[in-house]
Amino acid sequence: MSYWKKQEVEQMRKKCGLFILGMLIAGLFVMVKIYKSSTKIITLSWAVFDSPYDYSVAEQALNKNLEKKNYPYEIKFMNFSMDYEKTYAENFDAYMEFIKQENIDLVNCPGIWGAYDVYAMMIQNKMLEPLDYCINKTDIGKALYESYPEKLWETMKDGGKIYGVLTPYTNLNYYAVIKAEYGQKYGIGKEELSIQTLKKILLKAQKEEEAAGNEAFIAGVSLPYYHFAANYEYTVCNFVEVSTDENIKAVNILQEPMYENWLKDINQIYLAGALADEKDYWEKLENGEFLMVGGYSYSSEATVEAIRAAYGIPEECELYAVEMPELKNPLNGSGMKNAVSANSGNKEKAAEVLAAIYSDSELSNAIVYGEEGVSYTNKDGFAIYTDDYAETGMFLQEAFGNPFLVYPGQNDIADKQQRLWEAMENAELSKLAGFHFNMEQIGETIQELNTISMKNQLLYGKTKDLQTDLEKAREEADKAGIESIVEEMNRQLSDW
């Protein structure tokens, strides 16, 4: 065979090979289309607790991404609306009935709602399906587990089993956010700050600025209340915390000497005019004539961004944050949870799609931010909500999605995912991790106590007569039955 003939034959072979390859690809494409058209899409309903927002954009974006990833599911959000004429207990019962009647597959559990931990109460009422099989026996479940710091899963347990996935609050560390101009003037560095040191600086600054004729100045805009020491953990009752020093026990903080001393410190600052009242709180922040405002977060930079955004403090007002370790919170699993309903007829499928959403960045971004170009824009790696979607989006950020996977938002820091992960890993695990109080018998009394606490400015240290008001609060709490609450909580802790 001549050289040219050989070349002709070789060209024919190549053409035949390309033709066959093209036919195989086309056939595969047709098979995929046939598979997709023949695969039954299962609709899974997801109960959302009392939200006024329209989730259609997030729903559509999520379902589009589930289809893109070949999951044969679609999500349908279903809102449960509270009846504000009813008690919290009645609304909780109505939510459980809603989940049963509507054949709900996935359940949104708000954080502490009134005096009720909805996640814990749903577990106790056998309304949630454990996720342990999915986590331990399936690849998607293992991916879910690895998408969160391991320590965080300990806070999701009840009786040793995991029932939900958490969108955690980031209220781990307390920071004093300092206006740089006054911070430098009064010698506040960027290292840790103690309560007593801050108190002395606030009193000194207020006195000196008033003497200098700076009438607009206020030293302190806010200080924390209730949580007054790292060796106490808060509970669903504002007047009851758990002492973790030696024996774990619930205590009435109104009778705790340490809490009384904390109130005296705040009250001294208030009486000196160095702590803002509600009526001039916003004004002091807007005009920039303040020394410090406090807040909880996972890093100093994140706290500054959150405070600046929350109070509209302009960029030209330079701020920095200083950690106050005495006021840190343990890692306790606070935040909204999402779980599989024990009443679902599609438990395994619901667990699969829940695991997929919380282990996949595209799915988590879809449920939190919606669709790019519709509800948000991506600017240098930051997801910026459109103006008409901002309120809905902020709720979605709290209620859904894995914050270790989603884009940083407009008021976040660029390395949020990494910094938040590190903060969670480095946080001290709550001594109560894996335990939840049973509120069924004591919820209404706790709600009454919380109502008393919220109407009382004493707890902010803002009173002209601390001892009289403290004694009055003690009497009201005693009358409402606080000692029976402490006794029952300690019985449950002892049994645990």
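The values are calculated or read from the model by the stated rules, or taken from the named source; none is laboratory data. All values derive from a computational prediction rather than experimental measurement. Cβ sites come from the backbone with ideal geometry, for glycine too, and all protein chains shown count toward neighbours. For accessibility, only protein heavy atoms count, side chains too; no ligands or nucleic acids. Shrake-Rupley method; radii C 1.70, N 1.55, O 1.52, S 1.80 Å.
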I'd like to check something: does region 6-27 contain any residue that is of a type in the set (A, V, I, L, M), at negative phi and at pLDDT 85 or above? no
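Every residue, every condition in (1) under 30 Å from S51 (Cα atoms); (2) modelled with pLDDT under 90; (3) aromatic (F, W, Y), yes or no:
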position	(1), (2), (3)
Y389	yes, no, yes
P408	yes, no, no
I413	yes, no, no
L429	no, no, no
M454	yes, yes, no
G481	no, no, no
Residue match in region 84-107 (condition: among the small types (G, A, S) and either closer than 20 Å to A366 by Cβ or modelled with pLDDT of 70 or more (or both)): yes
Neighbours by Cβ (under 6 Å, 6+ apart or cross-chain): first from region 73-86, β-branched (V, I, T); second at pLDDT 95 or above and assigned to a strand (DSSP E or B): I75/L44; I75/W46
Residue by residue through region 53-66, note down the ones that are touching a helix residue (DSSP H, G or I) at 6+ places or on another chain (Cβ under 9 Å) and either free of Cβ contacts under 8 Å to residues at least 24 places away in the same chain or assigned to a strand (DSSP E or B) (or both). E59, N63
Any residue at all in region 67-75 that is in contact with a Leu (Cβ under 7 Å, 6 or more places away or on another chain), assigned to a loop (DSSP other than H, G, I, E, B) and open to solvent by less than 80 Å² (accessible area, probe 1.4 Å)? no
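Would you say Y281 is at pLDDT below 90, open to solvent by 20 Å² or more (accessible area, probe 1.4 Å), in a loop (DSSP other than H, G, I, E, B) and among the hydroxyl-bearing types (S, T, Y)? Spell out the reasoning first.
Working: at pLDDT below 90: yes; open to solvent by 20 Å² or more (accessible area, probe 1.4 Å): yes; in a loop (DSSP other than H, G, I, E, B): no; among the hydroxyl-bearing types (S, T, Y): yes.
Here the answer is no, as Y281 does not meet what is asked.
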E440 being under 24 Å from K249 (Cβ atoms) and either part of a helix (DSSP H, G or I) or in contact with an Asp or Glu (Cβ under 8 Å, 6 or more places away or on another chain) (or both): no
For residues that are under 30 Å from W46 (Cα atoms) and of a type in the set (K, R), scanning just region 309-362, find the one that is least open to solvent (accessible area, probe 1.4 Å). K337
How many residues are more than 30 Å from P314 (Cβ to Cβ) and open to solvent by less than 10 Å² (accessible area, probe 1.4 Å) if we restrict to region 405-429? 1
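Kindly provide the set of residues from region 455-465 that are open to solvent by 10 Å² or more (accessible area, probe 1.4 Å), closer than 15 Å to I253 by Cβ and not in a loop (DSSP other than H, G, I, E, B), ordered by number.
First, pick out the residues of region 455-465 that are open to solvent by 10 Å² or more (accessible area, probe 1.4 Å): 455-457, 460, 462, 464-465.
Adding the requirement that they be closer than 15 Å to I253 by Cβ leaves 456, 460.
Within region 455-465, just Y460 meets the criteria.
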Please state which of the following conditions Y376 fails to meet, knowing it meets all the rest: (1) touching a helix residue (DSSP H, G or I) at 6+ places or on another chain (Cβ under 6 Å); (2) under 28 Å from N70 (Cβ atoms); (3) open to solvent by 60 Å² or more (accessible area, probe 1.4 Å); (4) not hydrophobic (A, V, I, L, M, F, W, C). (3)
Confirm whether T445 is surrounded by 14 or more Cβ atoms within 10 Å (Cβ to Cβ), assigned to a helix (DSSP H, G or I), over 22 Å from the mean Cα position of the chain (by Cα) and of a type in the set (S, T, Y). yes
Give the residue that is farthest from Q492 (Cα to Cα), with candidates limited to residues of region 257-278 that are in a loop (DSSP other than H, G, I, E, B) and open to solvent by 40 Å² or more (accessible area, probe 1.4 Å). A272
Of D93, D83, the only residue that is charged (D, E, K, R) and in a loop (DSSP other than H, G, I, E, B) is D83
Has region 167-174 got any residue that is in contact with a helix residue (DSSP H, G or I) (Cβ under 8 Å, 6 or more places away or on another chain), under 30 Å from W496 (Cα atoms) and not in a strand (DSSP E or B)? yes
Would you say I452 is assigned to a helix (DSSP H, G or I), buried (at least 21 other Cβ atoms within 10 Å of the Cβ) and not small (G, A, S)? no
Determine whether region 205-215 contains at least one residue that is in contact with a helix residue (DSSP H, G or I) (Cβ under 7 Å, 6 or more places away or on another chain) and buried (at least 19 other Cβ atoms within 10 Å of the Cβ). yes
Assuming E371 fulfils every condition listed in (1) open to solvent by less than 50 Å² (accessible area, probe 1.4 Å); (2) more than 19 Å from the chain's Cα centre (by Cα) apart from one, which condition is it? (1)
Do we find that I123 is touching a strand residue (DSSP E or B) at 6+ places or on another chain (Cβ under 6 Å) and not aromatic (F, W, Y) in this structure? yes
Give me the pairs, please: first residue somewhere in region 99-119 and farther than 17 Å from E74 by Cα, second residue anywhere and of a type in the set (D, E) and open to solvent by 10 Å² or more (accessible area, probe 1.4 Å), beta-carbon distance under 9 Å, and either six or more positions apart or on two chains. C109/D117; P110/D50; G111/D117; G111/E398; W113/D50; A115/E444; A115/E448; Y119/D158
In the set E208, E246, E192, the lone residue that is farther than 24 Å from I112 by Cβ and at pLDDT 95 or above is E208
As an exercise: evaluate G183 against (1) open to solvent by 30 Å² or more (accessible area, probe 1.4 Å); (2) of a type outside the set (S, T, N, Q); (3) in a helix (DSSP H, G or I) and give the number of the one condition it does not meet. (1)
